There are 4 protein chains.
Amino acid sequence: MAVPKEETSHHHGYITDKEKYHQRMARIEGQARGITKMIDEEKYCIDILTQISAITKALQGVATGLLDDHLKHCVLDAAKQDDNAAAAAMIKEATDAINRLVRS
Amino acid sequence: MAVPKEETSHHHGYITDKEKYHQRMARIEGQARGITKMIDEEKYCIDILTQISAITKALQGVATGLLDDHLKHCVLDAAKQDDNAAAAAMIKEATDAINRLVRS
Amino acid sequence: MAVPKEETSHHHGYITDKEKYHQRMARIEGQARGITKMIDEEKYCIDILTQISAITKALQGVATGLLDDHLKHCVLDAAKQDDNAAAAAMIKEATDAINRLVRS
Amino acid sequence: MAVPKEETSHHHGYITDKEKYHQRMARIEGQARGITKMIDEEKYCIDILTQISAITKALQGVATGLLDDHLKHCVLDAAKQDDNAAAAAMIKEATDAINRLVRS
């Protein structure tokens, strides 16, 4: 991988609007708690499935938003610095991640 | 919908192992909090996407498990009571829910 | 599996409207040929991806339609004949298939 | 959109191995014909669903492969030519396409 291990523990500065993502994740955490409660109270199965579809959609929205930020910042930066190998490695990482998302 | 509103607030008794689902959801809540933290600390995008794929898979496991329970209990019960209309309506609800899951 | 090998080569009679599914699949075959042609002519990547999303949606529509037919016919029939083991085995098969669909 | 209509009818030259994609699509067309035949012969529902999962996975493999090619060629080219607006517009198009794939 093009990204050294120590770098992954640093701030990357690629997220355009961190507060927005924080709020979306806080809402997703609330949705997860709501589903746990529905299971505890044994709510109607179909209603729980509807909530699981909703939270899955919300998570995918976060994922594709972050991916957009990542491609715009990290990949374009590497390309502009003429670091072809780094840019290609990042794109490979990104498409591998997309593959996992599409299949998850 | 075949299921009257008031019924959805009752216990349905279709979940075979409620404790197992409760634990899986508790783990999912923890994963969601972990992703929020990764965003706050601006961890590497691809690592966050990997976590989102993992939580999505876990949620889908809960969904298809509940669906299995639902089909085994509610639908078969209706079929055995010769309530064809109720059984068909439940199956329609179930396949609509599957459609939403497949597309989410 | 609950379904013996020889049975899978017989007609099952569960498809409510075979002509409709035949036509939908014929359209899907045409869409696949169209995508091959787009690749041969090296059309713009995003336009090809849009077509792949469309054909995937169409295939999932066929899948959930067939599943609905299957649950309505095979599973309910087994339930009505009080063949609990057969009905439960079919539902297990169905939810395994849903799992593969959700993750594909 | 950043890509003018007339350009989409030109060859784009971004596909690294056109022959490979042509062969994968030819196999997908064959799989689609096989599913049509299974429906005509009313094969067991679950076996048809398994084939639909397989063809869906194959299509998504084509999609993410093309996306990888697209990002590597079109987007990096724009970035290197310091055409920030074009590169950002292409990435936006790409993440919109990913969104449709993830949800299809």
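The values are calculated or read from the model by the stated rules, or taken from the named source; none is laboratory data. Quantities reported herein were computed from a predicted structural model and do not represent experimental measurements. Cβ coordinates were reconstructed from backbone atoms using ideal geometry, including for glycine residues, and neighbour counts include every protein chain displayed. These accessible areas exclude ligands, DNA and RNA; they are computed on the full protein's heavy atoms, side chains included. Shrake-Rupley method; radii C 1.70, N 1.55, O 1.52, S 1.80 Å.
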Need the list of lysines near C:Lys37 for cross-linking: C-alpha distance under 24 angstrom, and skip anything on the same chain fewer than eight residues off. C:Lys57, D:Lys5, D:Lys18, D:Lys20, D:Lys37, D:Lys57, D:Lys72
Helix C:84-102 vs. chain C, principal-axis angle (Cα, 0 to 90°, nearest 10): 10
Percent of Cα-Cα distances greater than 15 Å, calculated over the range A:12-101: 67
Label distances, nm, D:Ala85 versus same residue in remaining copies, Cβ-directed 7 Å point: 3.5, 6.3, 7.2
Between helix B:18-40 and chain B, what is the angle of the helix's C-alpha long axis to the longest principal axis, kept within 0 to 90° and rounded to the nearest 10? 30
To test your reading of the geometry: what angle, between 0 and 90 degrees and rounded to tens, separates the Cα axis of helix D:45-70 from the longest principal axis of chain D? 10
With a 1.4 Å probe on protein heavy atoms only, work out how much accessible surface B and C bury together, total over both chains, in Å² to the nearest 100. 2200
At C:Thr16, label 7 Å along Cα→Cβ: distances to the other copies, nm, ascending? 2.8, 4.5, 4.7
What are the nm distances, shortest first, from D:Arg27 to its equivalents in the other copies, labels at 7 Å along Cα→Cβ? 2.8, 3.3, 4.1
When the C-alpha atoms of the protein assembly as shown are aligned to their principal axes, what extent does each axis show, in angstrom, from largest down? 70, 46, 32
Beta carbon of chain B nearest to the axis of the rotation taking B to D, residue and angstrom distance: B:Arg103, 3
